[in-house]
Amino acid sequence: MILVSACLLGVPCRMDGESKPNAGIIDLMRSHSLCPICPEIMGGMATPRIPSERIGDRVINSEGEDNTAYFRKGAERAYARCMQCGCTCAILKAKSPSCGVGSIYDGHFSHTLIQGNGILGELLLQNHFPVCTEQDNYLQMVETFDTLCS
């Protein structure tokens, strides 16, 4: 079972009401069970919504409103779902204030990437959970865990 950002499977749950379907990840449904999640929706946010970025420990939208509580609640719910489903690894949406792993936007809405993780990405990593984004070699991670789990 693989935890996957729902937007990568074509679910229109992003802040702009769109999705970011990834053909390779969608193709994983042929050989793996996927557990789709959207931490922002799970935290109580609407679609569409005002863009947010992480700055330090907070998540602020482009109008200056603090949405940290929504993002934390969503990350906790997504992590609980991950454990409930028995997921062995996760493929999350790159650069997202929820799901980003390794790099996220700088929190100033300048389109500048900085080193960091989204709230869910960080929670998974803190719990030593294997996680990558659609921009990483996710197939290698999946194959590694298939071998370990067989």
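The values are calculated or read from the model by the stated rules, or taken from the named source; none is laboratory data. Note that this is a predicted model, so its numbers are computed, not measured. Accessible surface is based on the protein model in full, side chains and every heavy atom, while ligands, DNA and RNA are left aside. Shrake-Rupley method; radii C 1.70, N 1.55, O 1.52, S 1.80 Å.
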Relative contact order (percent) for the chain, with alpha-carbon contacts under 8 angstrom and 6 or more residues of separation?
22 percent
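Could you work out the relative contact order of segment 13-102? I mean the mean sequence separation of Cα pairs under 8 Å and 6+ apart, divided by the number of residues, in percent.
Working: 100 pairs, mean separation 25.0, N = 90.
For segment 13-102, the relative contact order is 28 percent.
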Amide H to amide H under 5 Å from A94: which residues, 5+ apart in sequence or cross-chain, H placed 1.01 Å off N in plane?
E134, Q135
Rounded to a whole number, what % of the accessible area of segment 30-150 do carbon and sulfur atoms account for, probe 1.4 Å?
50 percent
Surface per residue (accessible, 1.4 Å probe) for segment 46-150, Å²:
53 Å²
